[in-house]
Each structure stands twice: as structure tokens, then as C-alpha cells.
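Colleague: Please find one structure pasted underneath; my questions will follow.
Each value in this text was obtained by applying a stated rule to the coordinates, not by laboratory testing. Just so it is clear, the model here is predicted, and its values are computed rather than measured. Cβ sites come from the backbone with ideal geometry, for glycine too, and all protein chains shown count toward neighbours.
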Amino acid sequence: MRLIRDSLSAVGRLVVNFFEDAGMAVTLWFKATALVFIPPWHFRIIFKQCEQIGLRSLPVVVVSATFVGMVFGLHSFSGFSRFGASGLAPTVVALAITKEMGPVITALMVAGRAGAAMTAEIGSMKVTEQIEALRTLATNPIKYLAVPRLIAGTLMLPVLTIFADAFGLFGGYLVSTSMMGMSSQIYISATWDALYASDIFGGLLKATFFGFFIALICTHYGFKTKGGAEGVGLSTTKSVVVSSMTVLISDFFLTRLL
Amino acid sequence: MANENNDGLMIKLEGIHKFFGGKDVLKGLDLEVREGESVVVIGGSGSGKSVMLKHIIGLIKPDKGRVLINGIDITNLPERKINEVRRNIGMLFQEGALFDSMSVCENVSFSLAEHTNMKRKEISERVAHWLGEVGLAGIEDLRPSELSGGMRKRVALARALAYEPKIVLYDEPTTGLDPIMADVINSLIKELNEKLAVTSVTITHDLTSAVKIADRIAMLYDGKIIDSGTPEEIMNSDNAFVHQFVSGSSEGPIKIAD
């Protein structure tokens with residue numbers, strides 16, 4: 001009896017927390033949107049965040065996308081050759097990378113790298129009164145901290161995804177031609193035929209949404225941080241888990257809608 | 001700042017009530033600070049001194065009561081309007097709250113860079129001037145993490161003063177410093193208060209500091225100001241609560257909060 005009650009109340013707490021966080025994140029989004037149009041515009045900080053989220057995440061994104069492409073090449077080649085259709089492997093790799101793996105791998109990597117850094121930075125500013133200090137210096141913390149990150153996240157994710165797509169395709173190519181003995185010409189022309197601009201742009205559009213979600217969730221958890229160093233750790237973990245899950249879950253709905 | 005109708009009062013807190021987590025922190029607090037006056041509010045840990053101070057700069061809104069800054073009622077002003085008032089107020093935080101992603105120079109020049117169109121050269125002259133005033137000339141390029149506690153406080157003081165505020169708020173300026181550095185800070189505060197003719201409110205439980213800085217000392221207990229007077233009057237007060245506090249005794253009417 002007690003077990004049932006406890007587990008029910010735990011579930012209840014989870015649901016309440018979820019809606020509380022979602023509500024706060026949406027409020028943050030509205031406030032940030034309203035502030036985007038009011039000067040001063042912090043171009044320097046936006047630029048710095050683009051560097052932080054974009055340029056600095058590039059190596060991780062490129063390496064992961066290449067290896068995902070390679071694994072995909074292995075699987076599709078060996079799978080399709082079972083019924084003599086190994087010629088389809090390039091097509092499957094191209095579709096999977098551009099429509100799905102490119103945007104999702106990029107988003108997960110950025111969530112783990114740049115997203116965690118966002119929460120940790122804003123969170124430690126919160127617990128050391130730096131956010132309050134910003135306010136006493138007549139500066140809106142949402143405008144100063146959240147808006148640049150939201151803009152940079154939304155802009156940089158599709159850019160990173162272009163790289164992920166390119167290196168993912170290259171990974172598939174590498175494995176198929178060097179290890180599976182497929183002709184380089186055939187692979188390239190099959191890939192070329194399989195690529196449609198609409199698929200690629202669909203993937204980039206999804207990436208744009210992912211970038212926005214990650215930046216929103218990670219700044220939200222940053223601002224919500226309390227309780228010293230321990231609190232910073234907790235909210236960083238939370239922001240990575242929630243933003244990664246949001247990427248995967250929203251991926252399904254975005255794919256269905258777009 | 002509008003100066004009419006302020007009755008010579010720079011700061012007026014009127015019947016401030018504040019509830020936090022089901023606890024009455026402030027219970028109808030009244031405080032008036034005349035233009036150019038230095039008021040020190042003393043009180044035990046957890047007595048709500050910080051909460052009171054944050055009301056003056058609009059970081060916290062009262063549940064009941066009014067906050068008037070130089071005749072302007074900021075109680076229900078939107079954040080943008082409060083920011084205009086805040087440009088005339090500087091605040092020194094207990095731990096300094098320096099922005100640790102920025103250099104000392106960027107910290108001190110923060111409000112000048114954000115809110116004025118000053119040229120870079122002019123800004124660096126002003127930064128050099130204020131760092132000189134707090135006795136730390138030439139440390140512009142250091143990072144806050146490279147500074148000692150006393151230096152951090154002095155840089156934070158330079159940051160609070162750089163915009164030439166009319167009101168300065170000091171949150172426990174000597175806490176965590178050795179007695180000599182505490183005296184350096186006290187002398188600095190006293191000297192700058194007089195030189196710049198600012199109105200200031202300091203909260204502290206350090207009586208040496210209070211006596212040195214104050215024109216008037218007020219004691220906060222149980223959510224209200226229970227006594228106020230010149231340093232001599234307070235040190236010799238017949239009020240049993242004040243007497244117990246200034247004599248530093250654990251015996252007396254003040255209940256120790258748990």
C-alpha cells in the first residue's frame with residue numbers, strides 16, 4: 001500500500017516538475033524573443049557564442065559523424081549483400097545520414113559539449129551572485145546571457161550539420177570502397193542519385209530546431225541553478241539529459257510534421 | 001533622476017513585508033536615508049539584512065509596502081524602468097560577484113561599456129582612475145580568479161563606483177577579510193563616501209566597521225528596525241536587544257534562530 005502511494009507520488013512529482021520546467025522554459029523563450037528586438041545588441045557576445053557552440057564543437061562533430069557513417073556503411077553493405085543488393089548500400093547511407101544521423105548526432109554532441117558548458121557557466125554565475133550583479137549594473141541577464149546563446153545555438157546547429165553530413169557520407173564511402181571492395185565511381189554516382197535537396201534541407205531545418213531547443217533548455221537550467229557547486233553539477237547533468245531526450249523525442253515529431 | 005518631492009530623502013522603505021519560504025523575513029520595516037548620509041544597518045545572521053538591501057535596488061520586490069528611491073516609487077515599476085533608477089545605484093556584493101569570464105578591466109568598465117557611448121580610450125582612462133582610487137592601479141589585465149579576497153572586494157568596489165552612482169549599497173564589506181584588510185576597506189568606503197558625496201547603506205555585523213563608516217547606525221531585529229542613532233548612541237543604547245548585540249553576549253532577549 002505504502003509502496004504504491006510512494007511510487008504514485010514520485011510519478012506525480014515528476015509530472016509536476018516536468019510541467020514547471022516546461023512552463024519556465026517557455027516563459028524564458030517569450031522574454032528572450034521580446035528582448036531580441038530591443039537594443040543594445042551584443043554582437044560581440046553573439047559572435048563569441050557562435051565560436052563556442054560552432055567552431056569549438058566542430059572537431060567532435062566531424063569525428064563522430066565520420067565514424068557513424070563508417071559503421072553505417074559496414075552494416076548496410078553486409079546487410080544488403082545477404083540478398084545480393086549491396087548496390088543499395090550507398091543510397092541507404094546517404095538517406096540515413098542526411099535525413100537523420102547528421103542532425104541528430106550533431107545535436108547530441110552539441111548538447112553534451114556546448115549545452116553542458118552553457119548550464120555550468122550560467123549556473124555558477126547564479127550561485128556566486130553574478131546574475132544579481134548583472135541586474136544591479138542595469139543589465140537584463142536574459143538579454144545579456146540567454147539571447148546570444150539562443151541565437152548562436154539556432155544558427156550554428158545547421159552549419160555543423162552540413163559538416164556532419166559531409167563527413168558521414170565520407171565515412172560510408174571510405175568503408176565501402178576500401179574494406180568492402182566497392183568501386184569508388186559507382187559509390188559516388190549512387191550517392192549522388194540518392195541525394196535530394198529536400199532531404200538535406202529537411203535535415204538542416206530539424207537541426208535548426210534542435211539548436212534552439214538545446215540552447216533554451218541549457219540556459220533555463222543555468223538560471224534555475226541553486227545550492228553552490230553541487231547545484232551546478234546537478235543542473236548541468238539535468239540539462240544534458242533533458243536536452244538530449246528532447247532532441248530524440250522532438251526528432252520523431254519534427255520528422256512527422258516536416 | 002527626478003529630484004522633486006523627495007523630501008531630502010534618498011532612500012525610503014515604507015512598511016516593507018517580505019515572506020520567504022513560509023517565513024516572515026521582514027515585518028513592516030521602515031528606513032529613511034537622507035541625501036549624503038551613511039547609514040549602517042546591523043543585525044544578526046539571517047535577520048534579513050541582505051533581503052532589505054536587495055529591496056533598495058529592486059532585486060527583490062516587497063509583498064507589502066513601498067520602496068522610494070530619490071522620490072521615485074520603484075515598488076511596481078517594470079524591470080526596464082527600474083534599470084533607469086539602478087544606473088544611479090552601485091552595489092558591492094559580499095563575495096564581490098566579479099564576472100569571472102572577464103578581466104578586471106572589463107569588470108570595472110562593464111556599465112560604461114554597456115550604457116554609454118564612450119570611446120575605448122576614455123573607458124580605459126576611467127578604469128585606470130577607479131582602480132587607482134581603490135589602490136590597485138595597473139591590474140587591468142588580471143582575471144578575478146587571480147586576485148585575493150581583499151583585492152576582489154576592491155575591484156568590485158571600483159566596478160560599483162565606475163558609473164558614478166548617487167547611492168552605494170555595501171553588503172557585508174568586511175566579511176571574510178583579515179582585520180587589517182577590513183580596516184583598509186572601511187577607510188576606503190569612508191573616504192570615497194565623503195569624496196563622492198554619495199548616500200550609502202551598509203549592512204554588517206562587524207561593529208568596528210559600523211562605527212567607523214556610519215553617520216547613523218540602525219539595528220534590524222525580528223524584521224523591523226528596532227533602534228537607530230549615532231554610533232555613540234547605539235553603543236550606549238538602553239534598548240536591551242541593541243545592548244545585547246553590541247556587547248556580543250549570548251545571554252539576553254535575542255533568541256538565537258535555529
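Colleague: Taking the residues in segment B:63-79 that are acidic (D, E) and out of contact with any Phe, Trp or Tyr (no Cβ under 7 Å at 6 or more places or on another chain) as candidates, determine which candidate is farthest from the other protein chains (Cβ to nearest Cβ). Steps first, please.
Modeller: Kept after step one, since they are acidic (D, E), are these residues of segment B:63-79: B:63, B:73, B:79.
Then drop every residue that is not out of contact with any Phe, Trp or Tyr (no Cβ under 7 Å at 6 or more places or on another chain), which leaves B:73, B:79.
On the way: B:D73: 18, B:E79: 7 Å.
For segment B:63-79, the residue satisfying everything is B:D73.
Colleague: Residues that are assigned to a loop (DSSP other than H, G, I, E, B), of a type in the set (S, T, N, Q) and over 26 Å from A:L145 (Cβ atoms): does segment B:141-151 have at least one?
Modeller: Taking segment B:141-151 as the starting set, the residues that turn out to be assigned to a loop (DSSP other than H, G, I, E, B) are B:141-143, B:147-148.
This time we only want the ones that are of a type in the set (S, T, N, Q), so: B:148.
Still in the list and also over 26 Å from A:L145 (Cβ atoms): B:148.
Scanning segment B:141-151 turns up at least one residue that is assigned to a loop (DSSP other than H, G, I, E, B), of a type in the set (S, T, N, Q) and over 26 Å from A:L145 (Cβ atoms).
Colleague: Could you tell me which of the residues B:E164, B:E172 is touching a Lys or Arg at 6+ places or on another chain (Cβ under 9 Å) and of a type in the set (D, E)?
Modeller: Values: B:E164 fails: touching a Lys or Arg at 6+ places or on another chain (Cβ under 9 Å).
Matching residue, one of B:E164, B:E172: B:E172.
Colleague: With touching a strand residue (DSSP E or B) at 6+ places or on another chain (Cβ under 8 Å), within 26 Å of B:N70 (Cβ to Cβ), away from chain A (no Cβ under 14 Å) and surrounded by 22 or more Cβ atoms within 10 Å (Cβ to Cβ) as the only criterion, which of B:I189, B:I167 stands out? Steps first, please.
Modeller: Working: B:I167 fails: away from chain A (no Cβ under 14 Å).
Among B:I189, B:I167, only B:I189 is touching a strand residue (DSSP E or B) at 6+ places or on another chain (Cβ under 8 Å), within 26 Å of B:N70 (Cβ to Cβ), away from chain A (no Cβ under 14 Å) and surrounded by 22 or more Cβ atoms within 10 Å (Cβ to Cβ).
Colleague: Looking at B:M181 and the list (1) at negative phi; (2) touching a strand residue (DSSP E or B) at 6+ places or on another chain (Cβ under 8 Å), which single condition is not satisfied?
Modeller: (2)
Colleague: Any idea which of (1) farther than 18 Å from A:S243 by Cβ; (2) within 12 Å of chain B (Cβ to nearest Cβ); (3) buried (at least 21 other Cβ atoms within 10 Å of the Cβ); (4) of a type in the set (A, V, I, L, M, F, W, C) is the one A:L169 doesn't satisfy?
Modeller: (2)
Colleague: When you scan segment B:96-107, do you find a residue that is in contact (Cβ under 8 Å) with a residue 12 or more places away in the chain, more than 18 Å from the chain's Cα centre (by Cα), at the interface with chain A (Cβ under 7 Å from one of its Cβ atoms) and within 18 Å of A:M125 (Cβ to Cβ), even just one?
Modeller: yes
Colleague: Now for a separate question. Can you find, within segment A:109-162, the residue that is nearest to the other protein chains (Cβ to nearest Cβ) among those that are in contact with a His (Cβ under 8 Å, 6 or more places away or on another chain) and within 18 Å of A:A25 (Cα to Cα)?
Modeller: Once the filter is applied, the top-ranked residue is A:Y144.
Colleague: For residues in segment B:85-95 being facing chain A (nearest Cβ under 8 Å) and assigned to a loop (DSSP other than H, G, I, E, B), which is surrounded by the most Cβ atoms within 10 Å (Cβ to Cβ)?
Modeller: Here is the first cut: in segment B:85-95, the ones facing chain A (nearest Cβ under 8 Å) are B:86-87, B:89-91, B:93-95.
Applying the additional criterion that residues be assigned to a loop (DSSP other than H, G, I, E, B) yields B:87, B:93-95.
Details: B:R87: 18, B:F93: 25, B:Q94: 17, B:E95: 17.
This residue is B:F93.
Colleague: Under 8 Å between Cβ atoms, which residue pairs at least 6 apart in sequence (or on different chains) link something in segment A:127-144 that is at positive phi and free of Cβ contacts under 8 Å to residues at least 60 places away in the same chain with a partner that is in a helix (DSSP H, G or I) and crowded, with 20+ Cβ neighbours inside 10 Å?
Modeller: From residues that are at positive phi and free of Cβ contacts under 8 Å to residues at least 60 places away in the same chain, the pairs are A:A138/B:R86; A:A138/B:S111.
Colleague: Turning to a different aspect of this structure: Take segment B:116-149 and flag every residue that is charged (D, E, K, R) and closer than 17 Å to B:L98 by Cα.
Modeller: Residues of segment B:116-149 charged (D, E, K, R): B:119-122, B:125-126, B:133, B:140-141, B:143, B:146.
Selection gives B:E140, B:D141, B:R143, B:E146.
Colleague: Follow-up. Among the helices (runs of 4 or more DSSP H) lying completely within segment B:154-245, list those that include at least 1 residues that are acidic (D, E) and within 30 Å of B:S109 (Cα to Cα).
Modeller: Values: elements: B:179-196, B:207-213, B:231-235.
The qualifying helices (runs of 4 or more DSSP H) are B:179-196.
Colleague: Since B:I82 meets every condition but one in (1) more than 10 Å from every other protein chain (Cβ to nearest Cβ); (2) surrounded by 18 or more Cβ atoms within 10 Å (Cβ to Cβ), which condition does it not meet?
Modeller: It is condition (1) that B:I82 fails.
Colleague: Now for a separate question. Please indicate, with yes or no, whether at least one residue in segment B:32-42 is assigned to a loop (DSSP other than H, G, I, E, B) and at positive phi.
Modeller: The first filter runs over segment B:32-42 and keeps only residues assigned to a loop (DSSP other than H, G, I, E, B), leaving B:35-37.
Now drop any that are not at positive phi, which leaves B:36.
Checked segment B:32-42: at least one residue is assigned to a loop (DSSP other than H, G, I, E, B) and at positive phi.
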